[in-house]
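Report on the following structure.
The values are calculated or read from the model by the stated rules, or taken from the named source; none is laboratory data. Quick caveat: nothing in here was measured; it's all calculated off a predicted structure. Here the Cβ is made from the backbone with ideal geometry for all residues, glycine too, and neighbour counts use every protein chain on show.
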Amino acid sequence: MVVLRDGMCPGLSEELVVALRAADITTGTWTNFAFQALLAIRRVLLAQHTAFPVSGADLYEDLLSSTAILSTGNPSLDKLLDSGLYTGELTELAGGPGSGKTQVCFGVAVNISYQLKQSVIYVDSTGGLSASRLLQMLQAKSCNIEEQMEALQRIQVFPVFDIFSLLGCLHHFRCVGLQQASAGGGSVKAVIVDSVSAVISPILGGKQNEGMSMMMQVAGLLKTIAKDFNVAVLVTNTVTRDGNGQLKAGMGQTWSHVPRIRILLQRLERPGSTCSSVRTATLAKSSRQPCHLKEEFDLQCWGRSEEQLYGMSGKRKLENTEPS
Amino acid sequence: MQRDVSSYAIAPSVKVKLLNAGFLSAADLCDLRPLQLSKEACISQEEAVEVLQAVRCEPGQERAAAGRLTALELLGREQELGTIVTFCSALDMALGGGMPVGKTTEVCGAPGVGKTQLCIQLSVDVQIPACFGGLGGKSLYIDTEGSFLVQRAVDLAQAAVEHCGLLAEDSEQQEALKGFTVETILSNLFLVRCHDYVELLAETYLLADFLAQHPGVRLVVIDSIAFSFRHDFEDLSQRTRLLNGLAQRLIQMATNHNVAVILTNQMTTKIWSGQSKLVPALGESWGHAATQRLILHWDGTHRLASLYKSPSQREATVPYQITGQGFRDAPPSDQPKTSDDPSVRQSGSLSKRPRTEEDQSTRT
């Protein structure tokens, strides 16, 4: 129901609004007052606010022409994701502390801004964005300082530290569109939110009854942004253990239905090597591939150049690049 | 586009009344005066004024967009902010120059490994004048355990002043040295004593005002966060919520006021599939709170610092020692033996080290 105001639709004039208000009707519901006028108003309002059915063939054509697949820069992750992040979808990275979620977000941002020459919007809620690490990754890809600076300029950072700022930021994107919000070179191809759980977990649970609704508002906004602007949305989340000690993504059952693809990141517990940068990624939820696929990858792969990556004779690297 | 009324920072009871009166989105509230709104929605005039301020029609979304910057600008800002040295060169190298300003760092460790010593050292080091490579800032020390000893701070301050005195070469440095004495160091160190978690939370709410009044503060130390939250807390999920909210406020303050925030945490034993491990306390979700995590642990009789989580540095383990003058590098002859010596436990395992009589006497 919406508040009635003059000019909302052709049949709704000032006198009609005043008359309705006198009858104590401030919002649009049914009465038998000037039946024809109300019927006309209803037709117009319905036409303005309904969704239209689309045929499957049109939808498929639309998808083929507008969806892009963005590589993450890491061949093992690309294999898990069925060649990369799809635009129009929400992908989630879940993992414990130090499992590499932020590093994967950096890698994706650098790959899109340098390799694909497109803009990236990075919403940072943990203070974990380190521009010097982004520069390090870019320096491994190219020695040209101008190219590095250009790539850095294509990454727009929005620091938000609480749920209301996050909602305000996402509404801002939706209202003014991502192009104006980013004002960088190239069109925006990805929105990265690191991390969603940091702003939502303080309001979930206990005697607060608004937490769930705010969480679902964030979910709705992210999905709308992904669909309307044709961008890939990547979010990060924490993990918890369920009754059997199995890892699962945080923020509860309701949130678990929101992302289309979910990847769980874990450290490898190997005796003897403590400071290793190898991580395992498990596909926990996907609409395109069988679940529970596992891949190992090295967090340092984004910080190394192509020759170093494929020239390495380490056993781990050979296993990953073997043809399947 | 219309933004839902429920997504604004308004009190829940007021939101319910607004929704019942039919105001679903910001556009509905645009043209109303406070008197009209309070009559329509049956709320008081003050509440109506607050609602209209929160929902003001030139989007408050501009506020969110105003904080934005490109990664290039962020790079320049990071390089300007600098780092706080710890006087242990191996640790400084592992951290990329020292403790980063504008981020939160968590220091975890078993009792007696040197967390408080590191905190006091950093409170002194942040005051090193800019011409010596320091930040020339003040520090705020929030003490919850009562482990801050002024005599120890005096020892560390004297050692730092002597160290800078040896380094001073040109006239600018000599001039700066006159302003860098034990008295000035102690007067630029603000100390707050909190006795329970309520006082600690209240202090973090007041921190924003304090930092606005003292813009020279570059370091905030909370030693320790675990102490007040670990006992007397029946509702663990409430503890998690409070801690997460606290972490967000701290990182917001670190970013907005350009301070380094150091938090100290204790260790707890986790029993899991038949093994026991020492892990940082306060739960797994707290692990995400700090931007960087440093774990201090023992290896035989040697102290090691491991960088466990960092957005920009590789993981590394470095040795250090605590001397009469404070936190320093471990002497090279005392390096821990290699892992094929069976008598030494691997540096990776954080199992509890039995305390011997010798260690008790060598603790400073």
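Quick notes
So that you can scan it fast, the table gives a plain yes or no per residue for (1) under 17 Å from A:V199 (Cα atoms); (2) within 14 Å of another protein chain (Cβ to nearest Cβ); (3) part of a loop (DSSP other than H, G, I, E, B):
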| residue | (1), (2), (3) |
| --- | --- |
| B:A202 | no, no, no |
| B:L206 | no, no, no |
| B:L211 | no, no, no |
| B:P215 | no, no, yes |
| B:S228 | no, no, no |
| B:F233 | no, yes, yes |
| B:R239 | yes, yes, no |
| B:L242 | yes, yes, no |
| B:A247 | yes, yes, no |
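- Tally, over region B:205-242, of residues that are surrounded by 18 or more Cβ atoms within 10 Å (Cβ to Cβ) and under 27 Å from B:F190 (Cα atoms): 16
- The condition (being touching a Phe, Trp or Tyr at 6+ places or on another chain (Cβ under 9 Å), away from every other protein chain (no Cβ under 14 Å) and at pLDDT below 80) is satisfied by just one residue among A:A23, A:A68, A:A34: A:A23.
- Hits in region A:284-298 - residues which are over 15 Å from A:S99 (Cα atoms) and in contact (Cβ under 8 Å) with a residue 24 or more places away in the chain: A:A284, A:K285, A:S286, A:S287, A:R288, A:Q289, A:L293
- Of residues in region B:10-25 being in a helix (DSSP H, G or I) and facing chain A (nearest Cβ under 9 Å), the one farthest from the chain's Cα centre (by Cα): B:K15
- Failed item, numbered, when B:N256 is tested on (1) closer than 18 Å to B:A208 by Cα; (2) crowded, with 18+ Cβ neighbours inside 10 Å: (2)
- B:L135 vs. criteria within 19 Å of B:A159 (Cβ to Cβ) and part of a helix (DSSP H, G or I): no
- In the set (1) among the β-branched types (V, I, T); (2) within 21 Å of A:M251 (Cα to Cα); (3) modelled with pLDDT of 90 or more, the condition left unmet by A:I155 is number (2).
- Yes/no for B:L156 being in contact with a Gly (Cβ under 8 Å, 6 or more places away or on another chain), away from chain A (no Cβ under 14 Å) and under 22 Å from B:P100 (Cβ atoms): yes
Condition check ((1) crowded, with 17+ Cβ neighbours inside 10 Å; (2) within 29 Å of B:I322 (Cβ to Cβ); (3) touching a residue at least 12 places away in the same chain (Cβ under 8 Å); (4) of a type in the set (V, I, T)) across all residues:
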| residue | (1), (2), (3), (4) |
| --- | --- |
| B:A160 | yes, yes, yes, no |
| B:E175 | no, no, no, no |
| B:G179 | no, yes, yes, no |
| B:R193 | no, yes, yes, no |
| B:V198 | no, no, no, yes |
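- Near pairs, Cβ below 7 angstrom, 6+ apart or cross-chain, from region A:57-69 (in contact (Cβ under 8 Å) with a residue 40 or more places away in the chain) to any residue that is among the polar types (S, T, N, Q) and not in a helix (DSSP H, G or I): A:S66/A:N230; A:T67/A:T87; A:A68/A:T87
- So B:S276, is it exposed (fewer than 13 other Cβ atoms within 10 Å of the Cβ) and modelled with pLDDT of 85 or more: yes
- All of B:S187, B:S147, B:S224 fail the test of being without any contact (Cβ under 8 Å) to a residue 24 or more places away in the chain and over 19 Å from B:H257 (Cβ atoms), apart from B:S187.
- Unique match (being buried (at least 23 other Cβ atoms within 10 Å of the Cβ), over 21 Å from A:A249 (Cβ atoms), polar (S, T, N, Q) and facing chain B (nearest Cβ under 8 Å)) among A:S197, A:S130, A:S119: A:S130
- Subset of region B:300-326 [away from every other protein chain (no Cβ under 11 Å) and either out of contact with any Leu (no Cβ under 9 Å at 6 or more places or on another chain) or at pLDDT 90 or above (or both)]: B:G300, B:T301, B:H302, B:R303, B:A305, B:P319, B:Y320, B:Q321, B:I322, B:T323, B:G324
- Scan of region A:148-170 for residues that are facing another protein chain (nearest Cβ under 7 Å) and of a type in the set (D, E), ordered by number: A:D162
- The residue that is surrounded by the most Cβ atoms within 10 Å (Cβ to Cβ), among those in region A:74-113 that are of a type in the set (D, E, K, R) and part of a helix (DSSP H, G or I), is A:K101.
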